[in-house]
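Student: This is the structure, below, for whatever I ask next.
The values are calculated or read from the model by the stated rules, or taken from the named source; none is laboratory data. Please read these numbers as outputs of a predicted model, since none were measured by experiment. Neighbour counts run over all protein chains shown; Cβ positions are idealised from the backbone, glycine included.
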Amino acid sequence: MIYDSFENLNKYKGCFTGLDTLIAWAKTNRVQDLPLGKTIIDGENVFVNVMMAQTRPEQDAKYEIHHNYMDLQMDLEGCERVQTARTFLTDEAGFNEQGDIGFGSGETGSVAYLGNGMFALFLAEEPHMPTLSIQGETMVKKAVFKIRKDG
């Protein structure tokens with residue numbers, strides 16, 4: 001996980017082609033101005049989903065993993081806790097190739113807090129658990145940028 005302020009996103013230029021596309025987009029666009037729903041940035045290589053999400057206690061959540069996409073997540077309104085896993089065991093449902101998502105359990109690794117302009121970039125294959133409550137369940141408005149790992 002990369003955890004930083006969105007205003008520092010430019011520091012990560014050159015790490016991934018798709019992230020460079022997002023960095024260029026962010027220079028002329030404000031994520032705070034995006035409508036709810038999906039906004040295409042570079043076809044299916046880079047896009048963003050803006051949504052309202054209910055935070056939840058950790059015991060009600062599972063880790064998720066993606067094979068083809070990285071997630072850059074940030075809260076536009078409200079705050080949530082996110083975490084990664086050191087280990088990952090896919091649950092009985094397996095991995096959904098079409099949706100590029102699998103769920104499972106694992107041992108907690110890093111923990112971060114979104115809100116106030118902070119983002120977390122979860123690499124492809126990195127188990128992560130988003131939308132965790134901090135002090136009781138609340139609604140957050142969040143942006144989830146999907147960045148194809150080879151795009």
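Student: Enumerate the strands (runs of 3 or more DSSP E) found wholly within region 89-151, keeping only those where 2 or more residues are aliphatic (A, V, I, L, M). Spell out the reasoning first.
Tutor: Values: elements: 89-96, 101-105, 108-114, 118-122, 128-132, 139-148.
So the answer is 89-96, 108-114, 118-122, 128-132, 139-148.
Student: Would you check if there is a residue in region 62-81 being among the small types (Gly, Ala, Ser), assigned to a strand (DSSP E or B) and at pLDDT 95 or above?
Tutor: To start, the set of residues in region 62-81 that are among the small types (Gly, Ala, Ser) comprises 78.
After this cut, where a residue has to be assigned to a strand (DSSP E or B) as well, the list is none.
Within region 62-81, none of the residues are among the small types (Gly, Ala, Ser), assigned to a strand (DSSP E or B) and at pLDDT 95 or above.
Student: While we're here: Considering only region 19-74, state which residues are more than 23 Å from Gln98 (Cβ to Cβ) and of a type in the set (Asp, Glu). Talk me through it step by step, then tell me what you get.
Tutor: Filtering region 19-74 for residues more than 23 Å from Gln98 (Cβ to Cβ) gives 19-36, 52, 54-60, 74.
Hits for region 19-74 are Asp20, Asp33, Glu58, Asp60.
Student: What is the one condition in (1) touching a residue at least 12 places away in the same chain (Cβ under 8 Å); (2) more than 19 Å from Phe16 (Cα to Cα); (3) touching a strand residue (DSSP E or B) at 6+ places or on another chain (Cβ under 6 Å) that Ala124 does not satisfy?
Tutor: (2)
Student: Can you tell which of Lys146, Lys141 is at pLDDT 95 or above, buried (at least 18 other Cβ atoms within 10 Å of the Cβ) and closer than 29 Å to Thr21 by Cβ? Step through it out loud before you land on a result.
Tutor: Working: Lys141 fails: buried (at least 18 other Cβ atoms within 10 Å of the Cβ).
After ruling out the rest, the residue left standing is Lys146.
Student: List pairs: first in region 71-96 and more than 13 Å from Glu107 (Cα to Cα), second among the polar types (S, T, N, Q) and outside any loop (DSSP other than H, G, I, E, B), Cβ under 6 Å, 6+ apart or cross-chain?
Tutor: Leu76/Gln32; Glu80/Thr131
Student: Return the residues of region 77-89 that are more than 13 Å from the chain's Cα centre (by Cα) and either of a type in the set (D, E, K, R) or surrounded by 16 or more Cβ atoms within 10 Å (Cβ to Cβ) (or both); say none if nothing qualifies. Give the steps one after another, and end with the answer.
Tutor: Narrowing region 77-89 to residues more than 13 Å from the chain's Cα centre (by Cα): 77-79, 85-89.
Scanning region 77-89 gives Glu77, Gly78, Cys79, Ala85, Arg86, Phe88.
Student: Regarding Thr39, is this residue buried (at least 16 other Cβ atoms within 10 Å of the Cβ), within 16 Å of the chain's Cα centre (by Cα) and under 24 Å from Thr138 (Cα atoms)? Talk me through it step by step, then tell me what you get.
Tutor: Working: buried (at least 16 other Cβ atoms within 10 Å of the Cβ): yes; within 16 Å of the chain's Cα centre (by Cα): yes; under 24 Å from Thr138 (Cα atoms): no.
No: the conditions fail for Thr39.
Student: Considering (1) crowded, with 17+ Cβ neighbours inside 10 Å; (2) part of a strand (DSSP E or B), say which one Gly18 fails and leave the rest.
Tutor: Going through the list (1) crowded, with 17+ Cβ neighbours inside 10 Å; (2) part of a strand (DSSP E or B), Gly18 breaks only (2).
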